[in-house]
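Engineer: My questions all concern the structure below.
The values are calculated or read from the model by the stated rules, or taken from the named source; none is laboratory data. Keep in mind it's a predicted model, so treat the numbers as computed, not measured. Every residue, glycine as well, gets a Cβ built from its backbone with ideal geometry; the counts of neighbours run over all protein chains shown. These area figures cover heavy atoms from the full protein model, side chains too; ligands, DNA and RNA do not enter into them. Shrake-Rupley method; radii C 1.70, N 1.55, O 1.52, S 1.80 Å.
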Amino acid sequence: MGTGRGGLVVARVETRVEAFGVWLAGPSGPVGHVAELTKVMAHPAVRGLGLGKRVVSALVGACRNAGIEVITLGVRGNNHGAISLYESCGFRTWGLLPNAVAVDDLRFDDLRMFLPLSLPEDVRIHGSAAGGPGGSVRWTMTEEVAH
């Protein structure tokens, strides 16, 4: 189910919900074409049945249908099973925020991943080049300060 800017995917085994995940996109605007996957989880008793992959695939499909161009997610750095799952679905690592996840007195890294989807045909890629809306030229600090 979804609202066009987000949705929930639920996986059932018989009548029990055993896995689920959420996708959320920000408001329309400069980053409105980016969605985040959150709360992707499966009950430990059903891990290994492929429910996680089915949930992630359904989330990716829902994002595609909503016109999303890039999907991001964060995963705890020590969750190697989830990292492998996301990699098998095409996600790639783009960054790591050290010690960003707190569980009581433990700290874990937040591994950031992304999956690029299709771009509209009329999109022009500008990347990090100077210029364009919101851009500026690179400058360096000097010892002298202009007064």
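Engineer: Applying the selection to segment 11-34, what residues are part of a strand (DSSP E or B) and charged (D, E, K, R)?
Structural biologist: Those that are part of a strand (DSSP E or B) and charged (D, E, K, R): Arg12, Arg16, Glu18.
Engineer: I would also like to ask the following. Please go through segment 97-142 and pick out each residue that is touching a Gly at 6+ places or on another chain (Cβ under 7 Å) and open to solvent by 50 Å² or more (accessible area, probe 1.4 Å).
Structural biologist: Residues satisfying the conditions are Asp109, His126.
Engineer: Scan segment 55-81 residue by residue and report those that are hydrophobic (A, V, I, L, M, F, W, C), within 15 Å of Phe20 (Cα to Cα) and more than 13 Å from the chain's Cα centre (by Cα).
Structural biologist: Val55, Ala58, Ala62 - these are the residues of segment 55-81 that are hydrophobic (A, V, I, L, M, F, W, C), within 15 Å of Phe20 (Cα to Cα) and more than 13 Å from the chain's Cα centre (by Cα).
Engineer: Follow-up. Name every residue in segment 11-29 that is within 14 Å of the chain's Cα centre (by Cα) and open to solvent by 90 Å² or more (accessible area, probe 1.4 Å), in order of residue number.
Structural biologist: Hit for segment 11-29 is Leu24, nothing else.
Engineer: Being at pLDDT below 95 and outside any loop (DSSP other than H, G, I, E, B) is true for just one of Met141, Met41. Which residue is that?
Structural biologist: Result: Met41 is the single residue among Met141, Met41 that is at pLDDT below 95 and outside any loop (DSSP other than H, G, I, E, B).
Engineer: So, one more: For Asn78, which of the numbered conditions (1) exposed (fewer than 14 other Cβ atoms within 10 Å of the Cβ); (2) in contact with a Pro (Cβ under 6 Å, 6 or more places away or on another chain) fails to hold?
Structural biologist: Of (1) exposed (fewer than 14 other Cβ atoms within 10 Å of the Cβ); (2) in contact with a Pro (Cβ under 6 Å, 6 or more places away or on another chain), only one is false for Asn78: (2).
Engineer: Among the listed residues Val13, Val46, identify the single one that is touching a helix residue (DSSP H, G or I) at 6+ places or on another chain (Cβ under 7 Å) and touching a residue at least 24 places away in the same chain (Cβ under 8 Å).
Structural biologist: The conditions single out Val13.
Engineer: Looking only at segment 81-137, how many residues end up being of a type in the set (A, V, I, L, M, F, W, C), assigned to a loop (DSSP other than H, G, I, E, B) and either free of Cβ contacts under 8 Å to residues at least 24 places away in the same chain or over 21 Å from Val40 (Cβ atoms) (or both)?
Structural biologist: 6
Conditions tested, residue by residue: (1) buried (at least 19 other Cβ atoms within 10 Å of the Cβ); (2) among the aromatic types (Phe, Trp, Tyr); (3) more than 19 Å from Glu87 (Cα to Cα).
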| residue | (1), (2), (3) |
| --- | --- |
| Val9 | yes, no, yes |
| Val31 | no, no, yes |
| Ala35 | yes, no, no |
| Lys39 | no, no, no |
| Arg47 | no, no, no |
| Leu51 | yes, no, no |
| Leu59 | yes, no, no |
